[in-house]
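In what follows, a structure is listed as structure tokens, so that the remarks can point back to it.
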Amino acid sequence: MKLVFLTFLCWSATPSLSQADTRLVCYLDVKAINRTGDGAFSLDKIDPFLCTHLIYGFTSDMTTNSDSYGSTGIPHDKFLGPRVKNPTLKIMASIKSEDLKWDHNSMEKTVNTTVDYLKKYRFDGLDIYWNMSSSNIPTTPFFFALRNAFQKNGLLLSLALYTETTAEVTYFMEIIPNYIDFVSVLAYDLTRSTEQFWQADHPAPLYSTRSRNVDSLIHYFLEHDMPADKINLAIPMYGGSWTIPASSKLEPPLSATWGPANKHTGRLGQIPYFEICSNIRSSGWQVYGEDDNSTGPYAVSPEQMNNKFWVGYDDVDTVTRKSDYARNIRGLGGVTVWDLSQDDFRNICGKGPYQLTTAISRTLGIPRAPSLASSVRSGLSHIMFLAFAWGLYYRL
């Protein structure tokens with residue numbers, strides 16, 4: 001009888017498992033730290049409990065052994081601050097594939113240098129932002145060597161990928177799952193192809209019959225043997241912007257030219273979400289939606305010099321739907337966001353900081369930080385339960 005009771009006691013005292021295997025990978029564009037005005041981002045703005053993985057994009061060639069990270073001029077250790085508050089948060093460095101200097105003759109040196117860099121600055125792993133359009137297709141031996149070295153040192157390895165339907169890329173997708181922990185499928189800018197250069201449309205529609213869409217891209221990865229649990233669906237924290245004549249129709253697709261370079265990011269034809277919601281709130285932009293509700297909303301500015309600005313974007317409802325799609329429809333490993341500095345991190349729009357990323361985190365069931373009061377209550381309840389249980393045990 002006592003043995004049965006002890007078994008029950010041990011089971012009751014063990015914390016239940018959360019959705020620890022579900023990933024929310026959050027990029028931070030480190031260039032945002034050098035911005036000014038509403039777009040200026042500081043490291044203390046990071047919510048350490050919002051994501052499971054935090055990736056800083058981008059560092060430079062790791063052989064330079066710089067004292068600071070990327071283009072920020074900030075010492076590496078400053079970037080590890082969020083992990084002090086949340087020790088379970090994984091913090092990774094990211095490098096673009098064209099900056100990862102390697103060839104067959106220097107492969108071992110590159111791998112060793114990379115591991116030394118990550119260990120020295122206490123990162124949990126490396127993310128490679130692989131530009132497939134550059135025909136920079138890696139070889140199997142390179143990833144084999146990288147993976148072996150990372151496993152020996154307890155380091156994570158991930159990729160961020162666009163895709164091209166070439167034989168080389170297809171082969172790469174079929175072999176790479178053996179060597180990585182996860183891949184972020186960059187399912188946005190899907191209407192920026194040459195054929196649609198002059199056509200305004202949604203940059204990341206979940207379903208659409210007009211162009212490439214998120215579902216078809218994810219299906220492409222799955223049918224080429226990428227395990228679902230290693231795939232993260234990447235969601236943009238920005239909208240695709242276009243300039244249209246004031247007399248133009250508004251429903252997509254419509255003839256247009258790219259919008260201007262953004263004052264915060266410098267990116268042509270892109271607007272951060274915090275600026276979109278601010279324009280809607282304070283600058284008279286009007287919001288519209290399509291009947292099937294599968295592509296996301298679009299917003300249109302008031303007339304300016306015979307033109308209007310048109311932007312297709314993801315709102316809270318859209319990112320919630322995409323997160324549910326990733327988790328429950330396709331059974332993916334999680335979601336990736338690009339990037340935190342373009343979400344409404346300052347709560348400019350009055351709906352809470354990081355409203356898009358928070359909606360994703362909530363939908364995926366990412367555990368939030370317990371409050372001090374709830375932690376104390378939980379601890380006291382646990383102690384009282386054990387005291388009662390031991391008293392009952394000795395009476396048996």
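The values are calculated or read from the model by the stated rules, or taken from the named source; none is laboratory data. Here the structure is a predicted model, which means the values were calculated and not measured. Note that we place each Cβ from the backbone using ideal geometry, even for glycine, and neighbour counts take in every protein chain shown.
Considering only region 132-180, state which residues are part of a loop (DSSP other than H, G, I, E, B) and modelled with pLDDT of 90 or more. I'd like the intermediate steps shown before the answer.
Filtering region 132-180 for residues part of a loop (DSSP other than H, G, I, E, B) gives 135-139, 153-155, 162-166, 179-180.
Residues satisfying the conditions are Asn153, Gly154, Leu155, Tyr179, Ile180.
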**Asked** Inside region 237-249, can you point out the residues that are under 19 Å from Thr209 (Cβ atoms) and not small (Gly, Ala, Ser)?
**Response** Lys249
**Asked** Failed condition for His104, given (1) surrounded by fewer than 20 Cβ atoms within 10 Å (Cβ to Cβ); (2) under 20 Å from Pro177 (Cα atoms); (3) not hydrophobic (A, V, I, L, M, F, W, C), with all others met?
**Response** (2)
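Every residue, every condition in (1) within 12 Å of Ile235 (Cβ to Cβ); (2) in contact with a Lys or Arg (Cβ under 7 Å, 6 or more places away or on another chain), yes or no:
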{"residue": "Tyr325", "(1), (2)": "yes, no"}
{"residue": "Gly331", "(1), (2)": "no, no"}
{"residue": "Val335", "(1), (2)": "yes, no"}
{"residue": "Trp338", "(1), (2)": "yes, no"}
{"residue": "Gln342", "(1), (2)": "yes, no"}
{"residue": "Leu364", "(1), (2)": "yes, yes"}
{"residue": "Pro367", "(1), (2)": "no, no"}
**Asked** Is there any pair with a first residue in region 353-367 that is closer than 17 Å to Gly39 by Cβ and a second that is surrounded by 22 or more Cβ atoms within 10 Å (Cβ to Cβ) and among the β-branched types (Val, Ile, Thr) whose Cβ atoms are under 7 Å apart and which are 6 or more apart or on different chains, and what are they?
**Response** Leu356/Val319; Thr357/Val337
**Prompt:** When you go through (1) surrounded by fewer than 17 Cβ atoms within 10 Å (Cβ to Cβ); (2) in contact with a Phe, Trp or Tyr (Cβ under 8 Å, 6 or more places away or on another chain) one by one for His219, which number turns out not to apply?
**Reply:** (2)
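Examine region 301-311 for a residue that is of a type outside the set (Phe, Trp, Tyr) and within 17 Å of the chain's Cα centre (by Cα), and state whether such a residue exists.
Looking only at region 301-311, we keep the residues that are of a type outside the set (Phe, Trp, Tyr), and these are 301-308, 311.
Those still in the list that are within 17 Å of the chain's Cα centre (by Cα) too: none.
Within region 301-311, none of the residues are of a type outside the set (Phe, Trp, Tyr) and within 17 Å of the chain's Cα centre (by Cα).
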**Message:** Condition first: over 13 Å from Arg346 (Cβ atoms) and assigned to a helix (DSSP H, G or I). Can you find one or more residues in region 46-56 that meet it?
**Reply:** no
**Complete:** By residue number, the members of region 86-114 that are touching a residue at least 40 places away in the same chain (Cβ under 8 Å), part of a helix (DSSP H, G or I) and not polar (S, T, N, Q) are Asp99
